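For reference, the structure discussed in these notes is given below.
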Amino acid sequence: MDNSSGVGVLDKAATVLGALEAGPATLAQLVGATGLARPTAHRLAVALEHHRLVSRDMQGRFVLGPRLGELASAAGEDRLLAAAGPVLGALRDHTNESAQLFRRQGDMRICVAAAERPVGLRDSIPVGATLSMLAGSAAQVLLAWEEPDRLHRGLQGAAFTATALSGVRRRGWAQSVAEREPGVASVSAPVRGPSGRVVAAVSISGPIERLSRQPGRLHAATVVAGANKLTEVLRRHHAMQQQQQQQQQNV
């Protein structure tokens, strides 16, 4: 299928954004991923940065910018966020702990949805909170399935090891105990996009006194089930979009 729209500069800009969907990229990596000439890739990335469609992380690498999230939210097309509310609410009610949904943004992770435990001791992470990718079970999940070079860079200064991430990939979930914050434990599982790539992490978090030093034993199955529900929502939505596109082409 020809992906050309006939408007060359827009096609090239879309190629740049598509390449950044896989994660942060240097200019050299962007050139390699897009096949564009180095001056062209740089000019487009800088122009997209001007419009906040692209940003830079702490290492100066190009990442998807905040304007994309704003546009998706305004259009009401963010199926993940739309579905997250009920899933996180059910997760909170089942585990009696606060539940969150995290997305990676460069070298940080952002809480994009949350369901707070209404009373008692809780680990409160408000929507919009920006946390490190160097600690916590959600950070482990968002890093564990990255490409080897990005995974290696992400481990620099991290509170967890490559061996720990190997265990995360094997089990399909992560746990942390006093890793991000003293006295706090958490369990996280991956949400995958239609291509199978990890696009978000579902988490529950709370005091170690309740979650114990092996929180995964208590809640991993429930958290994984919640993450799988969101993965299925994205898969169904993608299939529906493909079907609609096919119908339009057949008209």
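Quick look at the numbers
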{"item": "Order of exposure, largest accessible area first, which applies to Met240, Met58, Met108, Met133 with probe 1.4 Å", "result": "Met58, Met240, Met108, Met133"}
{"item": "Rounded, prolate or oblate (a/c below 1.5 giving rounded, otherwise prolate when a/b exceeds b/c) for the range 20-60 by Cα gyration tensor", "result": "oblate"}
{"item": "Highest-fluctuation residue, Arg43, Arg150, Arg213 considered, GNM on the chain with Cα pairs under 10 Å", "result": "Arg43"}
{"item": "Debye, to nearest 20: dipole size of the chain, +1 on Lys, Arg Cβ, -1 on Asp, Glu Cβ", "result": "340"}
{"item": "For the chain, radius of gyration divided by Kirkwood radius, i.e. Rg to Rh on alpha-carbons", "result": "0.99"}
{"item": "Built amide H within the under 5 Å cut-off of Val54, gap 5+", "result": "Glu49, Gly65"}
{"item": "GNM result for the chain, Cα springs below 10 Å: residue of Gln214, Gln175, Gln59 fluctuating most strongly", "result": "Gln59"}
{"item": "Segment Arg52-Gln247, length gained on full extension (0.36 nm per residue, minus Cα span)", "result": "66.8 nm"}
{"item": "Gaussian network model of the chain, Cα within-10 Å springs - most flexible of Ser195, Ser186, Ser166", "result": "Ser195"}
{"item": "Linear extension gain, Glu147 paired with Arg217, 0.36 nm per residue minus alpha-carbon span", "result": "22.4 nm"}
{"item": "Value at 222 nm in deg cm²/dmol, rounded to 500, when DSSP H runs of n ≥ 4 in the chain each add -39,500 (n - 2.57)", "result": "-16000 deg cm²/dmol"}
{"item": "Hull volume in cubic angstrom per residue (convex hull over the Cα atoms of the range 128-184)", "result": "87"}
{"item": "Electrostatic dipole magnitude of the range 130-247 [Cβ: Lys, Arg +1; Asp, Glu -1; Cα centre; debye, to 20]", "result": "300"}
{"item": "Label-to-label distance, nm, for residues given as Ala28 and Thr40 (7 Å Cα→Cβ offset)", "result": "2.1"}
{"item": "Accessible-area composition of the chain, carbon plus sulfur, in percent [1.4 Å probe]", "result": "54"}
{"item": "Å² of accessible area per residue within the chain, as computed with a 1.4 Å probe and no ligands counted", "result": "52"}
{"item": "Under the Karplus curve 6.51 cos²θ - 1.76 cosθ + 1.60, θ = phi - 60°, whole-Hz ³J(HN,Hα) for the range 148-157, x wherever Gly or Pro sits", "result": "x, 5, 5, 4, 4, 5, x, 7, 5, x"}
{"item": "Phe62 accessible area, 1.4 Å probe, all protein chains in place, Å² to nearest 10", "result": "10"}
{"item": "Area accessible to solvent at Arg169, 1.4 Å probe radius, in Å²", "result": "100"}
{"item": "Hydrodynamic radius (Kirkwood) for the range 29-120, which is based on Cα pairs only, to one decimal in Å", "result": "15.6"}
{"item": "Alpha-carbon centroids, the range 237-251 and the range 132-159: separation in whole Å", "result": "36"}
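The values are calculated or read from the model by the stated rules, or taken from the named source; none is laboratory data. In this text, all values refer to a predicted model and were calculated from it rather than measured experimentally. Here Cβ is always computed from backbone atoms with ideal geometry, including for glycine, and neighbour counts include all displayed protein chains. Accessible surface areas use protein heavy atoms only, side chains included; no ligands, DNA or RNA. Shrake-Rupley method; radii C 1.70, N 1.55, O 1.52, S 1.80 Å.
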